[in-house]
Amino acid sequence: MRIKTLVAAMAAVASLAPIAAQAQAAENPWMVRVRAAYLDWTNGQTETVQATNITARKQMIPEFDVSYFFTKNIAAELVLTYPQTVTINAGSNSIGTVKALPPSLVLQYHFTDFGAFKPYVGAGVNYTIFSNRNNLWLGGNQYTVDSSSFGAVGQVGMDYMLDKNWGLNVDVKYIAMSTNVSSVATGASVGKLNLSPWTPAVGVTYKF
């Protein structure tokens, strides 16, 4: 599955959605958000990975999200960013970097009975693509990580609408994400790194 597959999935869900109520017909069902998100990696470890304390360094990333509202309460959100450079540490020392592209597709329920304050909850899937994977060196040995990770996403957040188009957003997601760390020379796994980040974020909403 690639990003275009997630886009196709979002389009497929949209094609199956019921026709919106006539009261909503005048509204465009699209919403976009730009967020600053913090990747708070869980950094769970097993086997040799644990012995050498291999972790991903926590970081801020930009996030761009596109939502489609099937009704005033039900929406699907495609969460995007560009490939991010993730620094991998052994203890407090960097042993190299990998690239991670982590699109997510989330189905949401929006609560609409609180005026300008519009909380929501969501659940979906994440597919992370890892590239530039062979740049990890430890003790003179070269290591790599899996090419991809597939896992569930949970989400809670809220929009505070300043007018019918513009709003402020606060959001947090938990993304199930893990990868094996393997020797490039032998292909043998030296353990699993459970990345599974919490991603608190703030941003701007535009509904059009």
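Computed from the coordinates by the stated procedures, all read-outs in this text should not be read as laboratory data. All of these numbers come straight from a predicted model, not from anything done at the bench. FYI the Cβ positions are ideal-geometry reconstructions off the backbone, even for glycines, and counts take in every protein chain you see.
I want the local charge near Trp41. Using Cβ-Cβ distances under 15 Å, sum +1 for each Lys or Arg and -1 for each Asp or Glu among the other residues.
With Lys, Arg at +1 and Asp, Glu at -1, the neighbours total +3.
Within the range 43-76, what residues put their amide N at less than 15 Å from the label point 7 Å along the Cα-to-Cβ vector of Val170?
Within reach of a label on Val170: no residues.
For Phe208 and Asn73 in the same chain, what is the full-extension length gain: residue separation times 0.36 nm, less their Cα-Cα distance, in nm?
Details: separation 135, 0.36 × 135 = 48.60 nm, distance 1.60 nm.
Additional length available on full extension: 47.0 nm.
Express the Stokes-Einstein translational diffusion coefficient of the chain in µm² s⁻¹, to the nearest whole number, given a Kirkwood radius over alpha-carbon pairs, 4 °C and a viscosity of 1.567 mPa s.
Approximately 71 µm²/s, per Stokes-Einstein.
Among Lys72/Lys173; Lys58/Lys207; Lys58/Lys164; Lys99/Lys207; Lys99/Lys173, which pairs are too far apart, with a Cα-Cα distance over 29 Å?
Distance filter (> 29 Å) returns Lys58/Lys207; Lys58/Lys164; Lys99/Lys207.
Rounded to the nearest 500, what is the chain's calculated 222 nm mean residue ellipticity when only DSSP H runs of at least 4 contribute -39500 (n - 2.57) each, over all residues?
Dividing the helical sum by the residues of the chain leaves -2500 deg cm²/dmol.
I need the peptides 196-205, 157-166 ranked by packing, meaning the mean over residues of other C-beta atoms within 10 angstrom, with the highest value on top.
The most tightly packed comes first, giving 196-205, 157-166.
If neighbour count is taken as other Cβ atoms inside 10 Å, put Ile129, Ile175 in order from fewest to most.
By the 10 Å Cβ count, ascending: Ile129, Ile175.
What does the charge dipole of the range 48-192 about its Cα centre add up to, to the nearest 20 debye, if the Cβ of each Lys and Arg holds +1 and the Cβ of each Asp and Glu holds -1?
In debye, rounded to 20, the range 48-192 gives about 360.
Round to the nearest 10 and give me the degree value, 0 to 90, for the angle of helix 3-16's Cα axis relative to the longest principal axis of the chain.
30 degrees
Please list, short to long, the whole-number percent of alpha-carbon pairs of the range 125-208 in consecutive 10 angstrom bins beginning at zero.
16, 32, 23, 17, 10, 3
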